[in-house]
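Visitor: Below you will find the structure I want to go over with you.
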């Protein structure tokens, strides 16, 4: 039985992906001296839950669970802006732009996905979702000093407080295939929110 590397996500509309590509181009110039690996714009998404390697036989149950979640949540919109780093600015490994929670809708949606998939055997998430869209990853070869300097540089950047809006209208089950040029994502199923 084949296995798929899966996650549940909110995909981004083309207009927002275009805006994020412009943001990436500006950041590439501003952060050119740092060893960063930029995410392809078409691969940017908002992950609700990462499932990892999953037997194909479980896919129907996952589809059913995510469909039930989508049928209980209304569509909403989230402002996108504000740069951040994981795990923190002193030793960053990921550069992201934020998705700003306003009324708890994203938290409730992610918690519902988590709850439904926990019933199917996935471990419960330990932390609340931090809404973010990954723009770049720090290359492994980066030294501690380069990472610290990157964190300081990103903290000093201005002009990224508001870059667009993310309409949350659909939840997707995505397959990730790791390739030499980066991950390739394919939607296996998607469900429109009410």
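The values are calculated or read from the model by the stated rules, or taken from the named source; none is laboratory data. All values derive from a computational prediction rather than experimental measurement. Positions of Cβ are backbone-derived with ideal geometry, glycine not excepted, and every protein chain shown enters the neighbour counts.
Visitor: Against the condition farther than 15 Å from residue 50 by Cβ and touching a residue at least 60 places away in the same chain (Cβ under 8 Å), how does residue 153 come out, does it pass? Break it down into steps so the answer makes sense when it comes.
Guide: Details: farther than 15 Å from residue 50 by Cβ: yes; touching a residue at least 60 places away in the same chain (Cβ under 8 Å): yes.
Judged against the criteria, residue 153 is a match.
Visitor: Under the condition of being at pLDDT below 95 and surrounded by fewer than 17 Cβ atoms within 10 Å (Cβ to Cβ), which residue from the stretch 115-139 is nearest to the chain's Cα centre (by Cα)?
Guide: Step by step, filter the stretch 115-139, then rank; the result is 130.
Visitor: Given the structure, is residue 142 touching a helix residue (DSSP H, G or I) at 6+ places or on another chain (Cβ under 6 Å), surrounded by 13 or more Cβ atoms within 10 Å (Cβ to Cβ) and over 13 Å from residue 45 (Cα atoms)?
Guide: Details: touching a helix residue (DSSP H, G or I) at 6+ places or on another chain (Cβ under 6 Å): no; surrounded by 13 or more Cβ atoms within 10 Å (Cβ to Cβ): yes; over 13 Å from residue 45 (Cα atoms): yes.
When the stated conditions are applied, residue 142 does not pass them.
Visitor: Identify, please: which residue in the stretch 53-80 is loosely packed, with under 12 Cβ neighbours inside 10 Å and outside any helix (DSSP H, G or I) and is, among those, nearest to the chain's Cα centre (by Cα)?
Guide: Ranking the candidates gives 53 first.
Visitor: Then there's this: Which one of 194, 173 is over 26 Å from residue 82 (Cβ atoms), part of a loop (DSSP other than H, G, I, E, B) and in contact (Cβ under 8 Å) with a residue 60 or more places away in the chain? Let's see the steps before the verdict.
Guide: Working: 173 fails: part of a loop (DSSP other than H, G, I, E, B).
Within the list 194, 173, the selection yields 194.
Visitor: Turning to a different aspect of this structure: Can you name the number of the only condition in (1) surrounded by fewer than 17 Cβ atoms within 10 Å (Cβ to Cβ); (2) at pLDDT 95 or above; (3) under 16 Å from the mean Cα position of the chain (by Cα) that residue 188 fails?
Guide: The failed condition is (3).
Visitor: Scanning the stretch 21-41 for residues that are in contact (Cβ under 8 Å) with a residue 60 or more places away in the chain and within 22 Å of residue 173 (Cα to Cα), which turns out surrounded by the most Cβ atoms within 10 Å (Cβ to Cβ)?
Guide: The extreme case among them is 39.
Visitor: Can you give me the number of residues within the stretch 1-30 that are over 15 Å from residue 186 (Cβ atoms) and in a strand (DSSP E or B)?
Guide: So the answer is 1.
Visitor: Hey, could you check the stretch 31-52 for residues that are under 12 Å from the mean Cα position of the chain (by Cα) and part of a loop (DSSP other than H, G, I, E, B) and say which is nearest to residue 94 (Cα to Cα)?
Guide: Among residues in the stretch 31-52 that are under 12 Å from the mean Cα position of the chain (by Cα) and part of a loop (DSSP other than H, G, I, E, B), the one nearest to residue 94 (Cα to Cα) is 39.
Visitor: To continue, here is another question. All but one of (1) under 29 Å from residue 151 (Cα atoms); (2) touching a helix residue (DSSP H, G or I) at 6+ places or on another chain (Cβ under 9 Å); (3) touching a residue at least 12 places away in the same chain (Cβ under 8 Å) hold for residue 16; which doesn't?
Guide: Residue 16 satisfies all of (1) under 29 Å from residue 151 (Cα atoms); (2) touching a helix residue (DSSP H, G or I) at 6+ places or on another chain (Cβ under 9 Å); (3) touching a residue at least 12 places away in the same chain (Cβ under 8 Å) except (2).
Visitor: In the stretch 87-109, what count of residues is obtained for those that are touching a residue at least 40 places away in the same chain (Cβ under 8 Å) and in a strand (DSSP E or B)? Talk me through it step by step, then tell me what you get.
Guide: Restricting attention to the stretch 87-109, the residues satisfying the condition of being touching a residue at least 40 places away in the same chain (Cβ under 8 Å) are 88-95, 97, 99, 105-106, 109.
With the extra rule that they be in a strand (DSSP E or B), the set shrinks to 94-95, 97, 99.
Looking only at that region, the number is 4.
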